[in-house]
Amino acid sequence: MKKIIALAALVFAAGLVFSQEDAPADEAKPEKFDLEVTVGFPIHWTNAEHDDPGPLIEDKTVTANTALGLSLLFNFTRKVGLTLDTDFFFAGKIMGFASDNSNYNSLFGANVLFGPVIYLYNGSFLRIPLAIGAHLYYFSDDLWMPDIGASGNWIKRQDLQVGPGAYLGIQFHFNNNIYIFSRTNVAIDVFRWHKTKWGNSTTDDSDTDIEFAFGWEVKPVIGIGVKF
């Protein structure tokens, strides 16, 4: 009888130990979704060849800027979710001269990653999410100046690229409402829509290319997440 009581006590104690290692009852169910505010530094490099029109020419375009972003992370279980990760960046430059000349240059861009998230580790304090999905990159720039030779005095370029993307991150959860995180996004874009338009005050022209091209992006990110 004493052996049975001792065995039951050991089983009860083991159950208490393992239950403490499992997630508490209020953490067993995941948050419905997380809203994440990010600050990132996306660098995107494009290497392509296209006609403009005429003979085949090489096109290299690099954008780099500080970007502000918003991400939605929908949690289905403690292991799987769905993310929509976006950021937007803008840069502008205005220059004036003593004579009646000036120029203006602006750049607007955005990145989007949409796909499933797998938690490689999901604890009460530390989480490691891995996302793999579809990446979209867009930028548009405007250049206005007194003279750009035969092209006129303004030029506008637009670029839209898509391909596979992913990110790997780490989250530090301090309480049930907020967490901080850091992650790195990478993408390889393979399909490109590119348009260039140019002209002056009286005439304008444009050229559009749809092609397979190679582009890649690296974006380190830090941010704050709020759980709902």
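The values are calculated or read from the model by the stated rules, or taken from the named source; none is laboratory data. Just so it is clear, the model here is predicted, and its values are computed rather than measured. We place every Cβ from the backbone using ideal geometry, glycine too, and count neighbours over all the protein chains shown. The accessibility values were calculated without ligands, DNA or RNA, using every heavy atom of the protein model including side chains. Shrake-Rupley method; radii C 1.70, N 1.55, O 1.52, S 1.80 Å.
Every residue in region 209-228 that is open to solvent by 70 Å² or more (accessible area, probe 1.4 Å) and part of a strand (DSSP E or B), please.
Of everything in region 209-228, those that are open to solvent by 70 Å² or more (accessible area, probe 1.4 Å) and part of a strand (DSSP E or B) turn out to be ILE210, PHE212, PHE214, TRP216, ILE222, ILE224.
If SER124 satisfies all but one of (1) part of a strand (DSSP E or B); (2) closer than 21 Å to GLY223 by Cα, what's the number of the condition it fails?
The failed condition is (1).
Which condition breaks for THR184 when tested against (1) touching an Asp or Glu at 6+ places or on another chain (Cβ under 9 Å); (2) closer than 18 Å to PRO42 by Cα?
Of (1) touching an Asp or Glu at 6+ places or on another chain (Cβ under 9 Å); (2) closer than 18 Å to PRO42 by Cα, only one is false for THR184: (1).
For PHE139, only one of the following conditions fails: (1) open to solvent by 30 Å² or more (accessible area, probe 1.4 Å); (2) hydrophobic (A, V, I, L, M, F, W, C); (3) modelled with pLDDT under 95. What is its number?
(1)
Quick one: TYR179 ticks every box in (1) open to solvent by 50 Å² or more (accessible area, probe 1.4 Å); (2) among the hydroxyl-bearing types (Ser, Thr, Tyr); (3) modelled with pLDDT of 95 or more except a single one, so which number is it?
(1)
In this structure, is VAL186 open to solvent by 60 Å² or more (accessible area, probe 1.4 Å) and assigned to a strand (DSSP E or B)?
Taking the combined requirement at face value, the residue satisfies it.
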